[in-house]
Structures are given as C-alpha cells and as structure tokens.
Amino acid sequence: MEFSGVLWDMDGTIVDTEPYWIEAEHRLTAQYGLPWSEEKGLKLVGNALSVSAQVFIDLGVPLEPLEIINRLTQDVIAQVQQRVPFRPGVRELFGQLRRVGIPSAMVTMSFRPLADAVVASLPEGTFDAVITGDEVEHGKPHPEPYEVGAKALGLRAQECIAIEDSLNGALSASSAGARTLVVPCHIDIPDDPRWSIVHSLEGLSLEDFAKAATCRQSK
C-alpha cells in the first residue's frame, strides 16, 4: 500500500451528525428566545467547539463556553444513541483496513463523550487511537489534531491519508502533511491542490481509495 495509516474526521465524515448538531443548536437557542437557522449551523461545520460556543455567547446565550459545549454534546449523544447515521461506504472501508492491518485514528473536534458513543457502535478494534477536541490545544484548521493523530499511530502525517468533509478539516490535515481526501457532506468544498475530492466512499477498494487520495480532480 502507498499509505501506512488512515486519519478519520468524525462528524460529517464517519457519521452524518451535522443535522443532529443543528437540531441541538435550535433547541439551545430556542430556550433563550434567540433566532437560529440551518444556514447558521452549517457555518459552524468543522469549527473547534470552543469557537462555536463563542458564536452562541455572542448571540446572547447566557452560559459559559463549557456549559454550551456540554449541552450541545449531550443532546447529540442522545440522538446518536437512538440512531447512528453512518455515511455510505465508511464501515466497508473500515473492514478492508482491518483485514490488511492498516491502522486508523479518529481525529475529531467533538469531545470525548460523543466520540466514545460513535466508537461504541463500531466493531472493537476499528480505531487504534481516538483524538478529540478536548485533548488538543489547537483545534482545526490548525495542524495539531492531525499531527497528534498520526503520532498516536506511531507514524508521521505524511505517511497517512486523512479523510475530511469540511474546509477547516481539510486545511488542518493538509497543513499537517497528510494526503487529504475530502468527501463533502452538507457543504461544498473548493477544489484545491492541497487535497483531493471524491463524492462518496461507497464501493471503493483500498486501491481505489489510495488512488482517489492522490488524484487532484473531483470525482
């Protein structure tokens, strides 16, 4: 194989939880009589949760940042426990990677409780490491999350393929030096020489996957 590890974003990449986050944001803002919309929610995609929390504080939510993060996270966890919305082809690719012994790390800006809820829904051993937003100093688009993820696998980011759905995530992964494959979910990501774009992981063999992460043209 042309790569030694895979670094996975979670929200919007492994699981389509963005609608869950937007529902949680609607419930939070409605409690204080504040306006919210799907459009505003989509603008938060890929942000560190501390950055998103400040958006709600600026809007008028009278809570501390950690309170906002915990409220939103617990709401999303409750929805995930009802149904885990996996994106197409993800679990099949996990299986292929396990069969050939290529390690995977989750690199998410969500906090540990939500990451653990998603991991618990997958076969044991799917991830060799899980890096969460409450465990890094700098969130995406800073390269730190992906640098830490690769290191947790005993690799350099340059030896890994990173899978993302957001612009901030793609900037983080590519800045760390990972070969970056963007699979857009709810927002369009611009073509850029720093990453490749494919519109689904469904039906991809490992060879197709490696090739897709090298090709700069959208598929």
Ranked highest first by average number of other Cβ atoms within 10 Å, how do 146-153, 71-78, 180-187 line up? 146-153, 180-187, 71-78
Considering only the other residues whose Cβ falls under 14 Å of the Cβ of G95, what net charge follows from Lys and Arg at +1 and Asp and Glu at -1? 0
With an 8 Å Cα cut-off and a minimum separation of 6 or more residues, compute the relative contact order for segment 64-178 in percent. 21 percent
Helix-only mean residue ellipticity at 222 nm for the chain, each DSSP H run of n ≥ 4 adding -39500 (n - 2.57), per residue, nearest 500: -12500 deg cm²/dmol
With every protein chain in place, segment 93-219: carbon and sulfur % of accessible area (1.4 Å): 49 percent
Once fully extended, how much extra length lies between V100 and L34, figured as 0.36 nm per residue of separation less the alpha-carbon to alpha-carbon distance? 18.7 nm
Please report how far the C-alpha centroid of segment 26-78 lies from that of segment 109-176, rounded to the nearest whole angstrom. 22 Å
Diffusion constant of segment 25-94 at 10 °C, which comes from Stokes-Einstein with the Kirkwood Cα-pair radius and 1.306 mPa s, µm²/s: 118 µm²/s
With a sphere of radius 11 Å drawn around the Cβ of H26, what net charge do the other residues whose Cβ falls strictly inside it have (Lys, Arg +1; Asp, Glu -1)? -2
Taking the Cβ-Cβ separation of R194 and D58 as r and a Förster radius of 30 Å, what is the calculated FRET efficiency to the nearest 0.05? 0.50
Total charge dipole magnitude, segment 135-219, about the Cα centre, Cβ charges on Lys, Arg, Asp, Glu only, Debye to nearest 20: 260 debye
Taking the dipole of segment 113-219 about the Cα centre (Lys, Arg +1; Asp, Glu -1; charges at Cβ), the one of H142, V118, T132 that reaches farthest to the positive side is H142
Once you charge only the Cβ atoms, +1 for Lys and Arg and -1 for Asp and Glu, what is the size of the charge dipole of the chain about its Cα centre, to the nearest 20 debye? 400 debye
5 Å-binned pair-distance histogram of the chain (Cα, whole percent): 1, 7, 16, 20, 21, 16, 10, 5, 2, 1, 0
Show me, for segment 77-92, the HN-Hα J-couplings you get by feeding each phi into the Karplus relation (A = 6.51, B = -1.76, C = 1.60, θ = phi - 60°), rounded to Hz, glycine and proline as x. 4, 4, 6, 5, 5, 7, 7, 8, x, 5, 7, x, x, 5, 5, 5
Taking segment 1-47, which chymotrypsin sites (Phe, Trp or Tyr not before Pro) meet the DSSP loop condition and have no more than 15 other C-beta atoms within 10 Å? Y32
Round to the nearest 0.05 the FRET efficiency obtained for K211 and A120 when R0 = 22 Å and r is the Cβ-Cβ distance. 0.10
Pulled fully out, how much extra length does the chain show between S50 and I187, if you take 0.36 nm times their separation in residues and subtract their Cα-Cα distance? 47.2 nm
Using only the alpha-carbon atoms, how far is helix 49-59 inclined from the longest principal axis of the chain? Give it as 0 to 90 degrees, nearest 10. 30 degrees
Convex hull projection area averaged over all views, segment 153-204, Cα basis, nm²: 3.9 nm²
Within segment 20-38, which residues have the backbone N less than 19 Å from the label spot 7 Å out from Q74 along Cα→beta-carbon, could you tell me? 20-33
Mean separation of Cα contacts under 8 Å (6+ apart) over length of the chain, as relative contact order %: 25 percent
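The values are calculated or read from the model by the stated rules, or taken from the named source; none is laboratory data. Treat the numbers as computed from the prediction; the structure is a model and nothing was measured. With ideal geometry, Cβ positions are generated from the backbone for all residues, glycine too; neighbour counts draw on all protein chains shown. For accessibility, only protein heavy atoms count, side chains too; no ligands or nucleic acids. Shrake-Rupley method; radii C 1.70, N 1.55, O 1.52, S 1.80 Å.
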